[in-house]
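Reading through the structure tokens given below for one structure.
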Amino acid sequence: MARYELLNNVAHKDLRVVMRFGRELGDDIGMVPAFPTEYAELQREYPIFFRKDRDSGEWQSVALLGFEQKENLFLQGERWNAAYLPGAVARGPFLIGFQQQPVGGELRTEPVIHVDLDHPRVSFGEGEPVFLPHGGHSPYLEHIITVLRGLHDGTEAGKAMFAAFDSMGLIQPLGLDVKLDDKHGVKLAGLYGIDRERLAGLDAGSLHRLNQAGYLEGVFLVLASMHNVRRLMAEKQRRLQLQADGSPAASERAA
């Protein structure tokens with residue numbers, strides 16, 4: 001269970017965040033939320049798909065990390081093997097909440113930072129300090145603030161973008177059947193992608209509306225990300241070969 005508290009430099013003056021990676025830190029996950037504000041970075045490393053939220057029924061986009069629920073093919077020992085860390089991972093134990101605060105003589109709902117004190121990355125002895133000794137923001141916290149702003153903006157932008165994609169029939173189910181070798185293969189269900197044929201069939205007015213709204217770039221970034229499925233396949237095949245060779249040390253490094 002999460003235990004959220006409003007972040008402040010008195011109660012949390014000694015708070016630190018563990019920066020290494022590992023299964024014990026919750027990094028053994030097969031996919032993470034992907035936000036439109038980070039598509040340009042994500043598409044260089046991760047395949048981006050869509051899926052429907054089971055509770056709300058709304059569309060969301062995700063970055064695929066592996067072919068199984070608890071498989072992260074970017075996780076290698078205590079290292080995340082990618083040049084860009086998805087914002088949903090980079091934010092660690094922090095999230096944006098909202099609180100009524102007096103601004104200019106009236107109460108307004110303003111964004112504030114909360115921290116989950118039960119998050120596995122929370123520490124008071126190891127990792128990056130959240131606050132400086134005199135109480136100011138550490139460089140790490142300033143980075144987290146930037147990450148959280150991007151995620152918040154991406155959440156808001158994503159709702160309208162995905163609704164536009166859906167209204168034009170661009171989001172369609174994908175039957176992802178991946179053949180890894182003679183003995184291994186995986187089928188991924190419940191994932192959706194941009195349908196190239198439907199995109200090609202859009203009239204000029206629809207394309208103009210997508211472009212004017214700033215959504216057309218998102219379409220092409222999602223399509224461009226698909227080549228990263230091959231990267232995941234190559235890493236999965238490498239690990240399967242290590243297991244077949246029976247090399248404990250090599251398998252441990254790959255895990």
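The values are calculated or read from the model by the stated rules, or taken from the named source; none is laboratory data. Predicted model, so just to flag it, every value in this text is computed and none were measured. Accessible surface is based on the protein model in full, side chains and every heavy atom, while ligands, DNA and RNA are left aside. Shrake-Rupley method; radii C 1.70, N 1.55, O 1.52, S 1.80 Å.
Rounded to the nearest 500, what is the chain's calculated 222 nm mean residue ellipticity when only DSSP H runs of at least 4 contribute -39500 (n - 2.57) each, over all residues?
Helix-only estimate at 222 nm: -10500 deg cm²/dmol.
Tell me which label goes with the value of semi-axes √(5λ) of the Cα gyration tensor in Å computed from the coordinates here: [x] 25, 20, 17; [y] 33, 29, 13; [z] 30, 19, 19.
[y]
Determine the per residue accessible area of the chain with all protein chains present and a 1.4 angstrom probe, expressed in square angstrom.
Solvent-accessible surface per residue comes out at 56 Å².
Give me the number: length gained by fully extending residue 208 to residue 156, i.e. 0.36 nm times residue separation minus the C-alpha to C-alpha distance, one decimal in nm. Please report the intermediate quantities before stating the final value.
Details: separation 52, 0.36 × 52 = 18.72 nm, distance 2.15 nm.
Computed gain between residue 208 and residue 156 is 16.6 nm.
May I have the count of lysine pairs in the chain with C-alpha atoms under 30 Å apart, counting pairs 8 or more residues apart or located on different chains?
15
Round to a whole number: what % of the accessible area of segment 131-255 belongs to carbon and sulfur, probe 1.4 Å?
The C+S portion of the solvent-accessible surface of segment 131-255 is 53 percent.
Compute the Kirkwood hydrodynamic radius of segment 74-200, taking the inverse of the mean of 1/r over all pairs of distinct Cα atoms, and give it in Å to one decimal.
Across segment 74-200, the inverse of the average 1/r is 19.0 Å.
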